[in-house]
1. Checking Asp178 against (1) without any contact (Cβ under 8 Å) to a residue 24 or more places away in the chain; (2) not assigned by TED's automatic domain parsing to the domain that holds Leu93: exactly one of these is not met. Which one?
2. Report whether or not Phe213 is among the aromatic types (Phe, Trp, Tyr), away from the ligand (no atom under 15 Å from the Cβ) and in contact (Cβ under 8 Å) with a residue 12 or more places away in the chain.
3. Condition (residue is within 15 Å of the ligand (Cβ to nearest atom), crowded, with 17+ Cβ neighbours inside 10 Å and aromatic (Phe, Trp, Tyr)) applied to segment 245-253: is it met by at least one residue?
4. Which residues, counting only those in segment 213-257, are among the hydrophobic types (A, V, I, L, M, F, W, C) and either modelled with pLDDT under 95 or not assigned by TED's automatic domain parsing to the domain that holds Gly137 (or both)?
5. What number goes with the only condition from (1) away from the ligand (no atom under 13 Å from the Cβ); (2) among the charged types (D, E, K, R); (3) over 20 Å from Leu83 (Cα atoms) that Glu258 does not pass?
6. What number of residues in segment 135-194 are more than 16 Å from the ligand (Cβ to nearest atom) and of a type outside the set (A, V, I, L, M, F, W, C)?
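The values are calculated or read from the model by the stated rules, or taken from the named source; none is laboratory data. Since this is a predicted model, take the numbers as computed values, not measurements. When we count neighbours, we look across all protein chains shown, and the Cβ atoms used for this are built from the backbone with ideal geometry, even at glycine.
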Amino acid sequence: MKTFIKRNKKNILGIASILMVIFMVITFIKTPSPSNVYEDEPVEDKSTGLKADNEASKPKSSKEQSKDKAKDTQSKKDVPKDLPNVKTSDWQLDLVNAEHPIREECKTLTVMPNGFEIDKRIAQDYYALENEARKAGHQMVVVSSFRSVAQQEKVKQDDIAKYMAQGFSAKESKQKSDEYVTVPGTSEHHTGLALDVIDAPWSDGGNGLEEAFYNTPGGKWLDENVEKFGFVIRYPKHKEDITHINYEPWHIRYVGKENAKYMNDKDLTLEEYVEVLKEAKK
Ligand SMILES: [Zn+2]
C-alpha cells in the first residue's frame, strides 16, 4: 500500500489540484454578481417601474467579449493620439463608487444661491449651465448636490428603520435598503462634483428623480448640453453593467470640458475613461 501511495503520489496530487480548480470555478460561477442600485434616494411608489428596467444582468455578447479581450491586450503604443493630457489623480476625475469609497470629502464647498452646496471650483460652470438652459426656456431645479458621509449614514439608517418598522429583520432591512440607497462613503455626491437636476415643469408636476425625465424637453436639453459646461450624464442607460448604477438622467457629474467631450465622443463612463488613462500611464 505504501509503495502504491508513493508511486501514485504525483498522480494523487495532480488529481487533487484538478479537483481544487473545478471547485474554485464552480464557486466563482455560483457567486452572484452584485445587483445595481440607485446612486440617489429612491423615488417613492414609482421606483418599481424603474427597477424593472434594470438590464444589468444581461450577458455580454460575443462582440462585447472580444472587445474586452482587445482592451486587455492594448499596450502603451496604442494610446489614442487625441487622449487629453490629464491624470487620473486630477480632482475632476475623482472616481467614487462601490469599489472606490471616497478618500476625502469635499473640503472646498460653496453655497449656491439656491442653498445647495457644491465644490466651488465647479460653481461658475454650473451657473453658466443654468443660464444657458434658462435662455433655451428651461428652468433647472437642483434636487440634491453635496452630501456628507454623515448625511448619507443618516439616510441609510432611516431607510433601514423604515423596513424594520414594516416587520423585516435587521438583516433583511439592510439588504432591502442596499438595493436602493448607496452605502455611505461610496456616493459620488460626497465629492461635491455631482448634482441631481430636473426642471421646473417636471418638478411642479409632482415628479422627482424618475427615469422618465429623460423624455421631457428639459431632460433632453440636459442630456445634449451638459458636456459644454464640463459635465456628463454619469450613469447612462446602456452602461449599467459597468457603473452598477441604474440609469439616472438627472445625475450630472463635473469632469471638466475636455474630459466631458472626450468621454462622450468615445462613449466612455468615468470608470472606463479612468481605465483608458491608467493604460496610458496617466
Ligand atoms: Zn445623484
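1. So Asp178 meets the others, but not (1).
2. So Phe213 does not fit the description; no.
3. In the first step, residues of segment 245-253 are kept if they are within 15 Å of the ligand (Cβ to nearest atom); the result is 245-253.
Subset that is crowded, with 17+ Cβ neighbours inside 10 Å: 245-253.
Then drop every residue that is not aromatic (Phe, Trp, Tyr), which leaves 247, 250.
Checked segment 245-253: at least one residue is within 15 Å of the ligand (Cβ to nearest atom), crowded, with 17+ Cβ neighbours inside 10 Å and aromatic (Phe, Trp, Tyr).
4. Here is the first cut: in segment 213-257, the ones among the hydrophobic types (A, V, I, L, M, F, W, C) are 213, 221-222, 226, 229, 231-233, 242, 245, 250, 252, 255.
Answer for segment 213-257, where residues must be among the hydrophobic types (A, V, I, L, M, F, W, C) and either modelled with pLDDT under 95 or not assigned by TED's automatic domain parsing to the domain that holds Gly137 (or both): just Ile245.
5. Of (1) away from the ligand (no atom under 13 Å from the Cβ); (2) among the charged types (D, E, K, R); (3) over 20 Å from Leu83 (Cα atoms), only one is false for Glu258: (3).
6. As a first pass, look at segment 135-194 and keep what is more than 16 Å from the ligand (Cβ to nearest atom): 135-139, 150, 153-154, 157-158, 160-179.
Adding the requirement that they be of a type outside the set (A, V, I, L, M, F, W, C) leaves 135, 137-139, 153-154, 157-158, 162-163, 166-167, 169, 171-179.
The qualifying residues number 22.
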